[in-house]
Amino acid sequence: MSIETNTTTETVPPTVNGLPFVDAEEVHRRIDPDRARRLIEQALRDGFDPADDPARSHANAGSGHLLLMPSTLGDWVGVKVASVAPGNPELGLPRIQATYVLMDARTLTPRLFVDGVSLTSLRTPATSAVAADHLTAPEASRLVVFGNGPQAVEHTVAMAGIRGFTDIRLVGRAPHKVRAAIEELAGRGITVEAGAATDVAEADLVVCATSSADPLFDGSMVRDGACVVAIGSHEPDRRELDAALMGRSQVVVEERSAALRECGDVVIAIDEGALTEDDLLGLAPLVRGELSRRTDRPNVFKGSGMSWQDLAVAVGVAPTD
């Protein structure tokens, strides 16, 4: 499998226990959103099967829990260790922290430490952009994004990279947070307006990047041929999309068994009788041209994040020598 590695001029990174450590700033210097998307797509085009990816492991630990996410791509092996501590924001600390260890597959020798949060901020919208690029009309002009946090911002940037949107709306519950996100995007050269849930009715692409446990809008508003991307959670009891929308849409997931374990939008729709396991289509066949977007119904991509995506981007950070 051919994995694109980093070819940019690098600064000399600091070391941790003798291994180079690539911090968040350097990760973003080496990998922009467009390159992250190409790295994700390349892994699938080269034949990687997401069904071969180990399931992420959860373990209670201290004041929260740990996530362990290992994967193998060609000559590389990697693992992300992420901690989730719900009380950290009250202490002025991030709720989620993560470190990535990159190893060579032949000897499993650690080669590089990478800031794990920055990998997540790149690979999640990159994977969504891969799916949306195949499921969104070529002439799409209207984008609606639900959410006002980092993933909503990064998804807006990623989606602006695949289509020439002329109308972008950001929908959130806290007006001051929406304004802050709009200002951040303006600083990155993207013009965005505050929107409302009803804007979905005219949207070509809708992105849901929230922590909501309940549907964000009435799915009947989504037009046939439109694309909806939902990435807000990896918990089976939370969803951003209603069962009616899932039932009348072409539904693409990263991988079927992962979706049945972790994607509430899928699990709840199946429990409510609107969807079946056989309705779920894979991202890899979509990328390889074995299926295509539908114009006679909506196209939904539900992502929960998988270990191979972190590794695909981490390999892009690695030096070529």
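All of the numbers you see were taken from the coordinates with simple rules; none came from a lab. Quantities reported herein were computed from a predicted structural model and do not represent experimental measurements. With ideal geometry, Cβ positions are generated from the backbone for all residues, glycine too; neighbour counts draw on all protein chains shown.
Between the range 23-40 and the range 245-321, what's the alpha-carbon centroid distance in Å?
Comparing the Cα centres of the range 23-40 and the range 245-321, I get a distance of 22 Å.
For every helix of n ≥ 4 consecutive DSSP H residues, a contribution of -39,500 (n - 2.57) applies; sum these over the chain, divide by its total residues, and give [θ] at 222 nm rounded to the nearest 500 deg cm²/dmol.
-9000 deg cm²/dmol
Please work out the FRET efficiency for the pair residue 21 and residue 90, using the Cβ-Cβ distance as r and a Förster radius of 45 Å; give the result to the nearest 0.05.
It comes to 0.95.
Could you go through the range 27-38 in sequence order and give the Karplus-derived ³J(HN,Hα) for each residue, using 6.51 cos²θ - 1.76 cosθ + 1.60 with θ = phi - 60°, rounded to whole Hz, and x for Gly and Pro?
Once θ is set to phi - 60°, the couplings for the range 27-38 become 4, 6, 6, 7, 10, 8, x, 5, 5, 4, 4, 5 Hz.
Is the shape of the range 134-306 rounded, prolate or oblate, going by the alpha carbon gyration tensor and its root eigenvalues a ≥ b ≥ c, with a/c under 1.5 for rounded and a/b larger than b/c for prolate?
prolate
Take residue 180 and residue 55, extend 7 Å from each Cα along the Cα→Cβ direction, and tell me the distance between the two endpoints in nm.
If labels sit at residue 180 and residue 55, their model points lie 3.6 nm apart.
Provide the per-residue ³J(HN,Hα) series for the range 96-101, in order, calculated from phi with Karplus coefficients 6.51, -1.76, 1.60 and θ = phi - 60°, each as a whole number of Hz, with x at glycine and proline positions.
10, 10, 7, 10, 10, 10
Once a ≥ b ≥ c are taken as the square roots of the eigenvalues of the Cα gyration tensor of the range 113-190, is the result rounded (a/c under 1.5), prolate (a/b larger than b/c) or oblate (a/b not larger than b/c)?
Oblate, since a/c reaches 1.5 and b/c is not below a/b.
Estimate the FRET efficiency between residue 260 and residue 224 by the formula 1/(1 + (r/R0)^6), using the beta-carbon distance for r and 22 Å for R0, to the nearest 0.05.
The pair residue 260/residue 224 has a calculated efficiency of 0.25.
Once you mark the GluC sites (Glu not before Pro) that are in a DSSP loop and have at most 14 other Cβ atoms within 10 Å, what is the longest gap between them in the chain?
The longest uninterrupted stretch comes out as 1-138.
Once you have the Cα-Cα distance between residue 107 and residue 235, take 0.36 nm times their residue separation minus that, and quote the gain in nm to one decimal.
42.6 nm
Just round it to a whole percent: the fraction of Cα-Cα distances in the chain exceeding 33 Å.
Tail of the P(r) past 33 Å holds 22 percent of the pairs.
Using Cβ counts within 10 Å as a stand-in for footprinting exposure, how do 170, 311 rank, fewest first?
170, 311
In a solvent-free Debye calculation with one equal scatterer on each Cα, what is log10 I(q)/I(0) for the range 177-263 at q = 0.24 Å⁻¹, listed in the order of the q values?
At q = 0.24 Å⁻¹ the computed log10 ratios are -1.27.
How long is the range 40-97 along each principal axis, judged by its Cα atoms, biggest number first, in Å?
Principal extents (largest minus smallest coordinate, Cα): 44, 20, 17 Å.
Which far-off residues, 5 or more places away or on another chain, put their amide H under 5 Å from the one on residue 194, with H placed in the peptide plane?
170
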